[in-house]
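What follows is a single structure, written as structure tokens, with notes after it.
Every read-out reported here was derived from the displayed coordinates using simple, explicitly stated rules and does not represent laboratory data. Just so it is clear, the structure is predicted and the values come from calculations on it, not from any experiment. Positions of Cβ are generated from backbone atoms using ideal geometry, with glycine treated the same way; all protein chains shown enter the neighbour counts.
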Amino acid sequence: MSKEFALDVRGLEPPEPLGKALEAASALQPGERLCMVHDREPCLLYPLLDKRGFRYLAEAQAEDRFEILIWRKGDADASPVAASL
Amino acid sequence: MSLEPGLSFDQAPPISVPFRFFLSAPLFALLAALLALWYGPALISSRWQPAALALAHLMSVGFLGFVMVGAMMQMLPVVAGAPVARPVGVARALYLLLLPGVLSLAGGFLFAAHWPMRLGMALLGAGFLIFVVAVGSSLKRAPSRNPVVLGMHFAVAALVVTVALGLTLASNYGWEWWLLGRVRLANLHLAWGLLGWVGLLVISVAYQVVPMFQLTPVYPKLLTRWLGMSLFALLLLWSATLLMQDEAAQDRAALIAGLLAAAGFGAFAATTLRLQWQRRRKQSDVTLLFWRFGMACLLLALVLLLGAAGQVLPAPARLQIYNFALAFLFIAGFAVSVVSGMLYKIVPFLIWFHLQSQLMGVAKVPNMKQIMPEKGMRRQMWLHFAAVPVLVLSAFWPPLIYPAALLFGASMILLEINLLSAFRIYRQSAKLAPQAGPQPTR
């Protein structure tokens, strides 16, 4: 059973949103994932996550609201893709 | 609503791509200040003065051009989702062409020498051609068609016109011939360069960076959708007036197009100031103040333009004074201010980002304030704020060019020191990176 943590970084000045996301992601335990809410797509976060061994899925909910799910690579319990299958 | 994987390729070009341009830019402005000190009040006598032309190009192609080329190559992947292909090679080629190109052009003007002018034309022509092809093909691939991307299309198109007109005008100096309609073509070159390339790029980039870094509400949709397009159309109309036979009608049409463009820029400046007023965080910062000052200078330039149109001063005095006062207000007051303000956000942000990427949590990444300390930025900002009014007043009383150039030169030295200090922090921190050690800056 996966556990999801919410992280709302809307209205923060760069690079705070990226810093907070990296910090929260590195604290993830097996089976846990992060749900980051941002007011724009954090394109520069993706290469940082890739390099640290995280997977992510971005959903544009509105022009100024993006939800990014982040979990550790290989963690099938935390993966939202596996859960929906 | 769709759930999509984020873009997985590396979004950011190596730090050397934008930084080689950012770190060189203030040196051109410093050179311009030294030139002003050397030539003194004689500089203000005519816009066709060799030294005035050299100075104008050191500022516009050297300082503004370099920062904008570097910033665009950095921003394209983020705002358009389409990075420039082979960014390191392109940046290196651009740098090697544009740097000697600007110096040759300035030398050609200054010494009225044919060969430096021809060399400058070849280098700048080739450099901007590579830039336009590289950035243009990246913009063409861009999956997103947001107002920032659209505005960048218009800005790059304006750059093409500016360079084409510039090469035509420069050929006057490179070879012994006299271009008919030189004054009108030069005015058009100025309009496409300053209002088109510089103005449209600042406006479109502002849509993204003002809300993001200054934490303001977003720009109104009406403005972001129509302003860039309308200003570009007005520049086209303005150019078309050259084809008119009747000179009086031509002047009138150009004046109307100019006034409408001024209204567009006025709307942008007023909206930016209003958004800054409505920002969520109340304490001021250097970027906010630089932008506020830049918008005030832009509005003042528009008032001067209206004064010129309304013929408030007698004609000969009016022309000379307005030309210089307008140029100082637009280039130093508006463009240099907003560019400096942006550099103070982009530079520490990029250093933070590249260190995050390289250090991988093994060492603590310095924060923005440690990378770019507030005190150094504020000192430079106040020098710049002191330099601009004195520069503008020197158009009315030329001996003031000495204190103006000293203040402006000093502010550019401080800007360079601030940027270099930040880059030194990057170099030092990058040494702590695991495995392969610091990434080559290339």
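Here are some notes:
- Built amide H within the under 5 Å cut-off of A:L7, gap 5+: A:C35, A:M36, A:V37
- Distance between region B:222-236 and region B:143-215 - C-alpha centres, whole angstrom: 14
- Cβ-Cβ FRET estimate between B:M360 and B:I130, R0 fixed at 25 Å, reported to 0.05: 0.15
- Springs between Cα atoms under 10 Å define the GNM used for chain B, and in it the highest mean-square fluctuation of B:Q245, B:Q370, B:Q358 occurs at B:Q245.
- Counting Cβ atoms of other protein chains within 10 Å of each residue's Cβ and taking the mean over peptide B:75-82 gives 2.
- For region B:68-79, the Karplus equation 6.51 cos²θ - 1.76 cosθ + 1.60, evaluated at θ = phi - 60°, returns couplings of 5, 4, x, 5, 5, 5, 6, 7, 3, x, 7, 7 Hz by residue, with Gly and Pro reported as x.
- Centroid-to-centroid separation of region B:334-354 and region B:19-40 [C-alpha atoms, Å]: 18
- The GNM of chain B, with springs linking C-alpha atoms under 10 angstrom apart, assigns the highest mean-square fluctuation among B:A113, B:A191, B:A248 to B:A248.
- For region B:207-242, the residues whose backbone nitrogen is under 16 Å from a point 7 Å from the Cα of B:V183, taken along Cα to Cβ, are B:242.
- Counting lysine pairs in the protein assembly as shown that sit 8 or more residues apart in sequence, or on different chains, and whose Cα atoms lie under 18 Å apart gives 11.
- When B:W382, B:W178, B:W48 are arranged by Cβ crowding within 10 Å, least crowded first, meaning fewest neighbours, the order is B:W178, B:W48, B:W382.
- The gain in end-to-end length when the B:N172 to B:L432 segment is fully stretched comes to 88.2 nm, 0.36 nm per residue minus the alpha carbon separation.
- Residue order, fewest to most surrounding Cβ atoms within 10 angstrom, among A:F5, B:F293: A:F5, B:F293
- Label-to-label distance, A:R65 versus B:V88, with points set 7 angstrom from Cα along the beta-carbon direction: 4.3 nm.
- J(HN,Hα) series, region B:114-126, from Karplus relation 6.51 cos²θ - 1.76 cosθ + 1.60, nearest Hz, glycine and proline x: 5, 5, x, 5, 5, 5, x, 4, 5, 5, 5, x, 5
- Extreme residue, positive dipole direction of region A:3-79, given options A:L69, A:P42, A:P30 (C-beta unit charges): A:P30
- Remark: mean inter-chain Cβ contacts per residue of B:203-213 equal 1, using a 10 Å Cβ-Cβ cutoff to other protein chain atoms.
- Electrostatic dipole magnitude of chain B [Cβ: Lys, Arg +1; Asp, Glu -1; Cα centre; debye, to 20]: 1160
- Cβ-Cβ distance of B:F396 and B:V303, R₀ of 22 Å, FRET efficiency by 1/(1 + (r/R0)^6): the value works out to about 0.90.
- Whole-number percent relative contact order across region B:304-431, with pairs defined as alpha carbons under 8 Å at least 6 apart: 29
- Applying 1/(1 + (r/R0)^6) with R0 = 45 Å to the Cβ-Cβ distance of A:K3 and B:R378 gives a FRET efficiency near 0.45.
- For A:R72, the residues whose amide H sits under 5 Å from its own are A:R55, ignoring neighbours fewer than 5 places away on the same chain, with H placed 1.01 Å from N.
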